Amino acid sequence: MNVTPGSPNLSPRVRRLKLDYELLSNRFRDWPLIQISGTAGMPPEVYRFTYHIRGLCVAANGDIVERHEHVMEVNLSLGYPRRPPHCRMLTPIFHPNFDASSVCIGDFWAASEGLDDLIVRVGRMVAYQEYNTKSPLNGLAAKWAAQHPELLPVDPREVAPPSVDVPARVATAAAAAGVQNASPATAPEAKIVIE
């Protein structure tokens, strides 16, 4: 028996995990700035992403220096997608919204947001294209960012790969939700864009 993402035999969580894996694989295939560098589970519940984006870290002598590669682990708990993924950096980073054990995504996570969009957002954070100094995880980085706005963003390149074909994305989201023959007007939303 061939099981598809929209199969009624799969739980909503497993359908979502399969959808996420398909979207992530398609969106970041051949994209040099963000790569899936590891997974665990089938469908994956743990991901490792490598960002080839300029960010900052603290050198051994205390200087703030550029770092060109960052690795993040994403764990999709049993409460996912109602509960946000747990994201943590595996490489050093100096940023207001990152600490040694987590990445602050609570300000913008919604169950209807695609995991692929979250991964792009974290990449923008690494590059200092997005940051929040009002409720930081790293107070020193927040103070530094507030004092050095002329140095930001550290990496101005567009982090997101070229857009995924919208009809294909809608069809994939609809299949994961168990909807047949969906059009962009009738399909469930695949993501929410927060400005």
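Annotations for the structure displayed:
- Residues satisfying the stated conditions in the range 74-117, i.e. under 10 Å from the mean Cα position of the chain (by Cα) and outside any loop (DSSP other than H, G, I, E, B): Val74, Cys87, Leu115, Asp116, Asp117
- Pairs meeting the criteria (first residue in the range 1-24 and over 21 Å from Val46 (Cβ atoms), second residue among the aliphatic types (A, V, I, L, M) and at pLDDT 95 or above, beta carbons under 6 Å, at least 6 apart or on different chains) are lacking.
- Conditions (1) surrounded by 13 or more Cβ atoms within 10 Å (Cβ to Cβ); (2) of a type in the set (A, V, I, L, M, F, W, C); (3) at pLDDT 95 or above; number of the one not met by Trp109: (3)
- Summed over the range 42-63, the residues that are out of contact with any His (no Cβ under 9 Å at 6 or more places or on another chain), surrounded by fewer than 19 Cβ atoms within 10 Å (Cβ to Cβ) and either under 20 Å from Gln129 (Cβ atoms) or modelled with pLDDT of 95 or more (or both) give a count of 9.
- Members of the range 118-144 found to be over 17 Å from Pro92 (Cα atoms) and part of a helix (DSSP H, G or I), listed by number: Leu118, Ile119, Val120, Arg121, Lys143
- Only a single item in (1) farther than 26 Å from Gln147 by Cβ; (2) touching a Pro at 6+ places or on another chain (Cβ under 7 Å); (3) among the hydrophobic types (A, V, I, L, M, F, W, C) is not met by Ala110, and it is number (2).
- Here Phe98 fulfils each of the conditions (1) closer than 19 Å to Leu152 by Cβ; (2) in contact with an Asp or Glu (Cβ under 6 Å, 6 or more places away or on another chain) apart from (2).
- Apart from one condition, Ala176 fits all of (1) in contact with a Pro (Cβ under 6 Å, 6 or more places away or on another chain); (2) assigned to a helix (DSSP H, G or I); (3) at pLDDT 95 or above; the exception is (3).
- Pair list, Cβ < 6 Å and 6+ apart or interchain, from the range 37-56 residues that are touching a residue at least 12 places away in the same chain (Cβ under 8 Å) to residues that are among the aromatic types (Phe, Trp, Tyr) and not in a strand (DSSP E or B): Pro43/Tyr21; Pro44/Tyr21; Leu56/Phe94
The values are calculated or read from the model by the stated rules, or taken from the named source; none is laboratory data. Owing to the predicted nature of the structure, the values given are computational and were not obtained by experimental measurement. Because the Cβ atoms are built from the backbone with ideal geometry, glycine has one as well, and the counts that use them run over all protein chains shown.
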